[in-house]
Amino acid sequence: MIKQAIIPLAGLGTRLLPLTSVFAKELLPINGKPGIEYILDECIEAGIKEIIFIISKKKKLIKDYFYKDMFYKKIIKKKRDARIIKEYKKILRYKKMIKFVYQNKPLGTGDAVLKTKKYIKDKFFLMLLPDDLIIKKNCSKSMIKIHKRYNSSVMASMNVKKKTVSRWGIYKLAKKIDKNNFLIKDVIEKPAINNAPSNKAVIGRYILPKNIFLKLSKQKPGKGGEVHITDAIQSLINDNHKFIAHNFSGKYLDCGSMQGYIKSSLEIAKI
Ligand code: G1P
């Protein structure tokens, strides 16, 4: 069973400046609701019971969002507004599930994952990258099904335009399992066009094995001086650990870029 999820949230959000100069990108509203709540709802619907947020001192605003009890209580006492009561209850429900750990230096996603080591209890856990919203179908839920069926690690994937491969983790497949699931042979972080093994990209949903912590603790920084989760995954594949790429059927929205962020509000408003 996958019961725990982790969410790296220490990123600076430079692609969304100036919005992120004073604000955390994950709290920016998408059609009237903070982006992070979409991710939390995806987790809850997929059966996750505990969520670990990896934040930084600079992103303390995210913690504050869930710890405004006195503020809500005062307002609710003054005027018993049904909408505010409902929203506060929702926030309380989220808060109960969330633990916070800190990554104060931006050393990469792999380094962020390593910070959660002592909190992970089971053999596998889920990771969601908050820039990647997937709507219309719960991607985490579908991946958990695949994980159960094959007892394997799973990553979300989609085909991307060849000219954009250097934006993603790109994988080479070893074998097609069925229409939407592929066994991964190799994965490389942000390859140059002429070095890319395919146009199949990893998207920000991962079911990772606990033994990835051992790899991460020994791993040297890679591309751009950061510790990449992709490199630790490759290292596990080299040790014959099974990773499946799952072509999800929901709609992908890149909320980490200004264009994508604007588009995501429009797309969600249509549902
Ligand atoms: C991260 C991963 C990359 C993956 C991407 C999906 O990159 O490192 O492998 O393809 O997320 O969004 P980032 O978006 O942090 O640059």
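The values are calculated or read from the model by the stated rules, or taken from the named source; none is laboratory data. As the structure is a computational prediction, the values presented were derived from the model and not from experiment. Every residue, glycine among them, receives a Cβ derived from its backbone with ideal geometry; neighbour counts consider all protein chains shown. To get the accessible areas, we keep the full protein, side chains included, count just its heavy atoms, and leave off ligands, DNA and RNA. Shrake-Rupley method; radii C 1.70, N 1.55, O 1.52, S 1.80 Å.
Of the residues making up segment 184-212, those that are over 17 Å from residue 248 (Cβ atoms), within 17 Å of the chain's Cα centre (by Cα) and not aliphatic (A, V, I, L, M) number 3. For segment 213-238, the set of residues classified as open to solvent by 60 Å² or more (accessible area, probe 1.4 Å), within 10 Å of the ligand (Cβ to nearest atom) and of a type outside the set (Gly, Ala, Ser) consists of 223, 226, listed by residue number. In segment 193-205, the qualifying residues are those that are in contact (Cβ under 8 Å) with a residue 12 or more places away in the chain and over 17 Å from residue 222 (Cβ atoms), and the one that is farthest from the ligand (Cβ to nearest atom) is 193.
Using the structure shown, decide if residue 199 is open to solvent by 80 Å² or more (accessible area, probe 1.4 Å), of a type in the set (S, T, N, Q) and either more than 17 Å from residue 114 (Cβ to Cβ) or modelled with pLDDT under 95 (or both). Taking the combined requirement at face value, the residue does not satisfy it.
For residue 131, the test of being of a type in the set (Asp, Glu), under 16 Å from residue 9 (Cα atoms) and at pLDDT 95 or above is passed. Among the residues of segment 143-173, those identified as outside any helix (DSSP H, G or I), within 13 Å of the ligand (Cβ to nearest atom) and surrounded by fewer than 20 Cβ atoms within 10 Å (Cβ to Cβ) are 158, 159, 160.
Any residue in segment 212-231 that is under 26 Å from residue 151 (Cα atoms) and of a type in the set (Gly, Ala, Ser)? Looking through segment 212-231, at least one residue is under 26 Å from residue 151 (Cα atoms) and of a type in the set (Gly, Ala, Ser).
Within segment 174-192, the set of residues being more than 15 Å from the ligand (Cβ to nearest atom) and either modelled with pLDDT under 95 or open to solvent by 10 Å² or more (accessible area, probe 1.4 Å) (or both) comprises 174, 175, 176, 177, 178, 179, 180, 182, 183, 185.
Having 2 or more residues that are under 30 Å from residue 228 (Cβ atoms) is the bar; report the helices (runs of 4 or more DSSP H) wholly within segment 23-116 that clear it. The helices (runs of 4 or more DSSP H) meeting that bar are 35-45, 60-66, 82-97, 109-114. Inside segment 13-27, residues that are under 16 Å from the mean Cα position of the chain (by Cα) and either exposed (fewer than 15 other Cβ atoms within 10 Å of the Cβ) or away from the ligand (no atom under 14 Å from the Cβ) (or both) make up a count of 2. Per the listing 68, 63, the residue uniquely over 14 Å from the mean Cα position of the chain (by Cα), under 30 Å from residue 215 (Cβ atoms), surrounded by fewer than 17 Cβ atoms within 10 Å (Cβ to Cβ) and at pLDDT 95 or above is 63. When 81, 111, 131 are screened for being at negative phi, among the acidic types (Asp, Glu) and over 18 Å from the mean Cα position of the chain (by Cα), only 81 passes.
Annotation note: Cβ proximity below 9 Å between a residue of segment 79-90 that is under 21 Å from residue 64 (Cβ atoms) and a residue that is open to solvent by 80 Å² or more (accessible area, probe 1.4 Å) and part of a helix (DSSP H, G or I) (sequence gap 6+ or interchain) occurs for 88/73. Only a single item in (1) closer than 15 Å to residue 110 by Cα; (2) surrounded by 17 or more Cβ atoms within 10 Å (Cβ to Cβ) is not met by residue 210, and it is number (2). Just one residue in the set 76, 54, 44 is surrounded by 13 or more Cβ atoms within 10 Å (Cβ to Cβ), at pLDDT 95 or above and more than 27 Å from the chain's Cα centre (by Cα); that residue is 76.
Going residue by residue through segment 239-261, is there one that turns out to be of a type in the set (A, V, I, L, M, F, W, C) and exposed (fewer than 14 other Cβ atoms within 10 Å of the Cβ)? Looking through segment 239-261, at least one residue is of a type in the set (A, V, I, L, M, F, W, C) and exposed (fewer than 14 other Cβ atoms within 10 Å of the Cβ).
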